[in-house]
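Data block below; observations after.
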Amino acid sequence: MKKQQKLLQLKPKLDTLVNRIEQPEFIDNDPIQFMYAFEDKNAKELAGFFAAIMAWGRRDIVINKVDDLLKRMDYKPADFILNFNESDAEKLDGFKHRTFKPIDIYWLIKTLQSILKEYKTFEGFWEMCYKTSKTQDRELIAVFHEQFFAIHPETPQRTRKHISNSEKNSSCKRLYMYLRWCIRSGSVDLNTMNFMPASELMIPLDVHVARQARALGILKRKQNDWKAVQELTQKLRVLDPKDPAKYDFALFGLGVSGLEIP
């Protein structure tokens, strides 16, 4: 009880930070901007998916690289993916970001194409994974990883590493950031998907969020892994059971802006 009371003392301060940082101007310097660049639902969600899984390193570099990739798709990601054929593969030549290479983008596009043909929307595939996760009593991202790569079993191992798996104890930061973008509603997140409630989102655990959570005493685990995500999200659900992922803004903001909570 005392621990919960101590935790709740943080709520007003963290809520104030969320309100301060979750503002429209946040979008301009964040990879989420690519979801705002399109009107079509599939285009939004596919552009956002690539932006999220490539969100690795400095945000300005990530934004430049995602823009490079979308330019190769003629800024029509849904059309490009749905109509992709072998002759289009040359448009990916020379693309590189961190460990992403053309072969990885190729197989991700092939898989996404199959998803669009079968489910019509990317959300439809996520919904199937969500229902399967409930039936099997497994974590959503683990099922997503499994189902995603079951579509083309010939996908090389190197490409599979770009989609995290909670059953491998990965923090799944980028995929839960993507789901935050798609599921939550607010002045930043878009709520383009409704297959699961925001209350079930896990915190996207990056180094900034983890560092600040430990400084505030709401994360004890030293490794930034899936167990740490579970520990921190459980605490954040005490602060807001309906919307724990909103505290991503507060903890991320503390980490990158130099702000402090007394």
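Brief remarks on what is shown
- Residue 116 meets the conditions (1) over 21 Å from residue 84 (Cα atoms); (2) surrounded by 15 or more Cβ atoms within 10 Å (Cβ to Cβ) in every case but one. The failed one is (1).
- Pairs linking a residue in region 84-107 that is touching a residue at least 12 places away in the same chain (Cβ under 8 Å) to a residue that is buried (at least 17 other Cβ atoms within 10 Å of the Cβ) and of a type in the set (Val, Ile, Thr), with Cβ atoms under 7 Å and 6 or more positions apart or on different chains, are 84/109; 92/105; 95/105; 103/159; 104/159; 107/155; 107/159.
- Cβ separations smaller than 7 Å between residues 6+ apart or across chains give the following pairs from region 56-71 residues that are in contact (Cβ under 8 Å) with a residue 12 or more places away in the chain and surrounded by 12 or more Cβ atoms within 10 Å (Cβ to Cβ) to residues that are part of a helix (DSSP H, G or I) and among the small types (Gly, Ala, Ser): 66/51; 70/47.
- Residue satisfying all of: in region 25-39; part of a helix (DSSP H, G or I) and aromatic (Phe, Trp, Tyr); surrounded by the most Cβ atoms within 10 Å (Cβ to Cβ) among these: 34
- Scan of region 184-208 for residues that are modelled with pLDDT of 95 or more, of a type in the set (A, V, I, L, M) and closer than 18 Å to residue 232 by Cβ, ordered by number: 198, 201, 202, 203, 205
- The number of residues in region 119-129 being farther than 18 Å from residue 43 by Cα and crowded, with 19+ Cβ neighbours inside 10 Å comes to 1.
- Lone qualifier among 132, 155 - being touching a residue at least 12 places away in the same chain (Cβ under 8 Å), surrounded by 15 or more Cβ atoms within 10 Å (Cβ to Cβ) and not in a helix (DSSP H, G or I): 155
- Set side by side, the residues 105, 141 differ, and just one is within 21 Å of the chain's Cα centre (by Cα), under 19 Å from residue 65 (Cβ atoms) and surrounded by 17 or more Cβ atoms within 10 Å (Cβ to Cβ), which is 105.
- Unique match (being surrounded by 14 or more Cβ atoms within 10 Å (Cβ to Cβ) and under 27 Å from residue 168 (Cα atoms)) among 149, 84, 80, 95: 149
The values are calculated or read from the model by the stated rules, or taken from the named source; none is laboratory data. Since the model is a prediction, treat every value here as computed from it, not as a measurement. Note that we place each Cβ from the backbone using ideal geometry, even for glycine, and neighbour counts take in every protein chain shown.
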